[in-house]
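Contents: one structure, followed by commentary.
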Amino acid sequence: MRKNVTLYMLFSLLHVIASAQNNTVIKLVHKVGDKTLQLHTETYFNQFNEPFTVHKFKYYITGLQIEYENGKKKYTFEKPYHLVAEEDSTTKMITLNKPLKNITTISFLLGVDSLRNVSGAQTDDLDPMKGMFWTWNTGYIYAKLEGQSDSSNAAAHYFSYHVGGYKTNENAARKVVLKIDEKSQSPINEIAIEADILKWFVGANEIKISNAAVCHQPGVLAMMLADNYKNMFTIKAIK
Amino acid sequence: MKQTKAFLILLCMVCVGIAFITIEKYKPTPLKFIIPKGWPKPAFDFKRNPLTQEGFELGKKLFYDERLSKDSTISCASCHQQFSAFATFDHPFSHGYNNSFTTRNAPALQNLAWQKEFMWDGGINHLEVQPITPIVAENEMAETLENVILKLKRDTAYLRMFKAAFGDATINTQRMNKALNQFMVMLVSSNSKYDRVMRGEDTFNLPQRLGYEIFKQKCASCHKEPFFTDFTYRNNGMPLDATINDIGRMRITGNKNDSLKFKVPSLRNVDITYPYGHDGRFFTLDNVFEHYRKNMQPIHTTDSLLKNKLYLSNFQIGQVTAFLFTLTDSGFLKNPKFAAPAYSKPTILHQH
């Protein structure tokens, strides 16, 4: 009898491990046009032929939600606020705790909702320690792109885009909805989503490093950048 | 089968027992926050951060701890000194890390539980995030939050105190700030002579009474009782100091109509919080009165109440000053509850 129980427990443990491996993973791949992002070393060119390097690339994914079973079911990622940072590869692998199939949409807020901006000190990925927080004018930085560019008129040719803002006329959080048409029979192992930094400069607005090298506060420029970069994501591969 | 069942039941009992013991162990002493008679409901959310003796003691230790700064020389209390109602005594600007100076005058810390926004420009929207600002500012404590949390985690006294205050020894930004908040919201100043007179326990002398009448007419629309501020942002006619270029509230709102507006400061304990003004440009109350009646430079954003300046005769100035002195709350300034904890180094005060 005892043996049976132990065996059963062993099996269920194995089952848990096995199914964990099948859980769907969202993999974020950072690109600059058709090149894969390399921090510091590579020089890229934007649509205005302005050269630039990238030192930092970070953004918040909030309330990640996935519609699957052809739109019949909704899955909400258990971690409400997820900070993605280029330099930390673990943040670019989002492991859902469920195997999903027949996914129709992936949606999230790119940024942090207004309420979290006015509710005091937060923990985990929202800990102000993460450096995505303005201390002199309370609020989260939703996305950061920093580097150097010969086109920049700022000190040491730095360019630095810190985008945030939660107040009515300054809100820079943007909803992202990615549509998928996927009819697989078995659960998806991996969805690769690319984020293209070149989209920061064009789209809703043309933003040249030579004209605007620094954005360090909420306001018009921050919202213009957000309106551009909200379109940086595309689904590249489903495995 | 029976055996397993019995085992499982036993396991359950042990688990419940352990849970019970740990719950039993975390029993902080609630700290009562007393709202002075006639005062409005505080803005501070006591449900989010319930005050306890343990949280308060931890907050006090943090407030007086120099290790919150990069080179362990500056604590919150270096700039916020109890005998000056937690302002920086006798300094227009406070000394920060590595011989730097702040660019604004450190305000008194009192009655913060009723305040919704912080700093001269109201840029901080919650008391719980406020301590981060001086910790990371290059001209204040110049430290990173990571390092501060690391330093605290290495100190067993802190591990013990965080556990006593919050139930386990987790140390993070949120808990540090919550503890600091518990200390800061307890800094209530409500027992000056003025308060005693209002409660019918004392009487003003003649100049104080006349001064109070003038104050109610000429000053109270901005310096509103009982806090002696209405917590709004206004331009009281102080011209821009081009060396500092502080545009005040406009830095936060981006609105030109907010240029040179600053938070109306409380006048409680005003006698000992000199120098005055957001940049400490007035060394004495007389300087402030000269500003209001003569030197002020009204511009388009100057408050409509002050468009024609604010004239007071020398007599009246004497009377208003006599009244302002009744706002000194010596019980608050000397309350041992708020003084440096015995087991930490006394705050170093430089003399010059």
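The values are calculated or read from the model by the stated rules, or taken from the named source; none is laboratory data. Here the structure is a predicted model, which is why all the values come from computation and not from measurement. All Cβ positions, even for glycine, are placed from backbone atoms using ideal geometry, and neighbour counts span all protein chains on display.
Within segment B:121-135, residues that are at the interface with another protein chain (Cβ under 8 Å from one of its Cβ atoms) and within 20 Å of B:D246 (Cα to Cα) sit with their Cβ atoms under 6 Å from residues that are among the aromatic types (F, W, Y) and not in a loop (DSSP other than H, G, I, E, B), at 6+ positions apart or across chains, in these pairs: B:I124/B:F118. Screening B:N105, B:N125, B:N139 for residues that are in contact with a Pro (Cβ under 8 Å, 6 or more places away or on another chain), under 30 Å from B:F227 (Cα atoms), of a type outside the set (G, A, S) and not assigned by TED's automatic domain parsing to the domain that holds B:T328 leaves exactly one candidate, B:N105. Scanning segment B:169-193 for residues that are more than 24 Å from B:K32 (Cβ to Cβ) and either touching a residue at least 60 places away in the same chain (Cβ under 8 Å) or within 12 Å of chain A (Cβ to nearest Cβ) (or both) returns B:T170, B:I171, B:N172, B:T173, B:K193. Suppose we filter B:S94, B:S100 for residues that are free of Cβ contacts under 8 Å to residues at least 60 places away in the same chain, farther than 20 Å from B:F332 by Cα, touching a helix residue (DSSP H, G or I) at 6+ places or on another chain (Cβ under 8 Å) and of a type outside the set (V, I, T); which single one remains? Testing whether each residue is free of Cβ contacts under 8 Å to residues at least 60 places away in the same chain, farther than 20 Å from B:F332 by Cα, touching a helix residue (DSSP H, G or I) at 6+ places or on another chain (Cβ under 8 Å) and of a type outside the set (V, I, T) leaves just B:S94. Scanning segment A:168-226 for residues being of a type in the set (D, E), away from chain B (no Cβ under 14 Å) and farther than 30 Å from A:K72 by Cα gives a total of 2. Within segment A:38-66, the set of residues being crowded, with 18+ Cβ neighbours inside 10 Å and aliphatic (A, V, I, L, M) comprises A:V54, A:I61, A:L64, A:I66. For segment B:247-261, taking the residues that are under 23 Å from the mean Cα position of the chain (by Cα) and not in a loop (DSSP other than H, G, I, E, B), the one that is farthest from the other protein chains (Cβ to nearest Cβ) is identified as B:K261.
Comparison of A:S151, A:S119, A:S114 shows that the only residue that is of a type in the set (S, T, Y) and away from chain B (no Cβ under 13 Å) is A:S151. The set of residues from segment B:71-93 being of a type in the set (A, V, I, L, M) and either assigned to a loop (DSSP other than H, G, I, E, B) or assigned by TED's automatic domain parsing to the domain that holds B:M238 (or both) comprises B:I74, B:A85.
Look at (1) within 25 Å of A:I235 (Cα to Cα); (2) away from chain B (no Cβ under 14 Å); (3) among the aliphatic types (A, V, I, L, M) and you find that A:A156 fails only one, number (1).
Here A:G147 qualifies as buried (at least 17 other Cβ atoms within 10 Å of the Cβ) and over 23 Å from A:F108 (Cβ atoms). Inclusion of B:S221 among residues that are more than 12 Å from chain A (Cβ to nearest Cβ), of a type outside the set (K, R) and touching a Pro at 6+ places or on another chain (Cβ under 6 Å) is not warranted.
Residues checked against (1) within 14 Å of the chain's Cα centre (by Cα); (2) surrounded by fewer than 21 Cβ atoms within 10 Å (Cβ to Cβ):
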{"position": "A:F133", "(1), (2)": "no, no"}
{"position": "A:I141", "(1), (2)": "yes, no"}
{"position": "A:F159", "(1), (2)": "no, no"}
{"position": "A:V163", "(1), (2)": "yes, no"}
{"position": "A:N171", "(1), (2)": "no, yes"}
{"position": "A:L178", "(1), (2)": "yes, yes"}
{"position": "A:Q185", "(1), (2)": "no, yes"}
{"position": "A:A192", "(1), (2)": "yes, yes"}
{"position": "A:G203", "(1), (2)": "no, yes"}
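Which ones in segment B:225-260 are within 22 Å of B:I214 (Cβ to Cβ) and out of contact with any His (no Cβ under 9 Å at 6 or more places or on another chain)? Across segment B:225-260, the qualifying residues are B:E225, B:P226, B:F227, B:F228, B:T232, B:R234. Put simply, of A:A204, A:A226 the only residue that is in contact with a strand residue (DSSP E or B) (Cβ under 6 Å, 6 or more places away or on another chain) and touching a residue at least 12 places away in the same chain (Cβ under 8 Å) is A:A226.
Flag not set for B:K294, criterion: in a loop (DSSP other than H, G, I, E, B), among the basic types (K, R) and modelled with pLDDT of 95 or more. The single condition from (1) more than 14 Å from chain A (Cβ to nearest Cβ); (2) buried (at least 22 other Cβ atoms within 10 Å of the Cβ) that B:Y97 fails is (2).
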